[in-house]
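The values are calculated or read from the model by the stated rules, or taken from the named source; none is laboratory data. Worth saying up front: this structure is predicted, and the values here are computed from it rather than measured. No Cβ is skipped: glycine too gets one built from the backbone with ideal geometry, and neighbour counts run over all protein chains shown. Only protein heavy atoms, including side chains, enter the accessible area calculation; ligands, DNA and RNA are left aside. Shrake-Rupley method; radii C 1.70, N 1.55, O 1.52, S 1.80 Å.
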Amino acid sequence: AVPRTRILATGGASHNKKILQVLSDVFNVPVFTIDTANSACLGSAYRAIHGLVAERNVSLADVVKLAPEPRLAVTPTPGAEELYRPLLKRYAELEQKVIYNSASSC
């Protein structure tokens, strides 16, 4: 089962509300975005800062508290979970088969 959480979407697709809605419906969680250009670079910068302060027992969570506050983009469509829950379960089962078969053939 997918734990109850939220999705933070970045990059080009984060500007497409239809894609964000599908993510929200499939995983039954709200999707948030941040208005930041080059979000991959921003993530790398936070990791670099964390690397500099990690020896002082500063967690990555403490470092990213400096990040811009995400804004809610979409919420799950009521009833979509009933459609997607069994599909997610089936997907997870198939994924495990692929992983197991790949590992056993190595």
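General observations
- Residue 22 being β-branched (Val, Ile, Thr), closer than 20 Å to residue 88 by Cβ and buried (at least 17 other Cβ atoms within 10 Å of the Cβ): no
- Single unsatisfied condition, residue 13 versus (1) surrounded by 13 or more Cβ atoms within 10 Å (Cβ to Cβ); (2) within 14 Å of the chain's Cα centre (by Cα); (3) within 30 Å of residue 90 (Cα to Cα): (1)
- When segment 53-106 is filtered for residues that are assigned to a loop (DSSP other than H, G, I, E, B) and within 28 Å of residue 20 (Cβ to Cβ), the ones remaining, listed by number, are 65, 66, 67, 68, 69, 70, 75, 76, 77, 78, 79.
- Pairs meeting the criteria (first residue in segment 67-94 and open to solvent by less than 50 Å² (accessible area, probe 1.4 Å), second residue of a type in the set (Gly, Ala, Ser) and not in a loop (DSSP other than H, G, I, E, B), beta carbons under 6 Å, at least 6 apart or on different chains) are 74/24; 76/24.
- Pairs, first small (Gly, Ala, Ser) in segment 21-47, second open to solvent by less than 40 Å² (accessible area, probe 1.4 Å) and part of a helix (DSSP H, G or I), C-beta under 9 Å, six or more apart: 24/80; 39/14
- Only one of the numbered conditions (1) touching a Leu at 6+ places or on another chain (Cβ under 6 Å); (2) exposed (fewer than 13 other Cβ atoms within 10 Å of the Cβ) is not met by residue 7, and that is (2).
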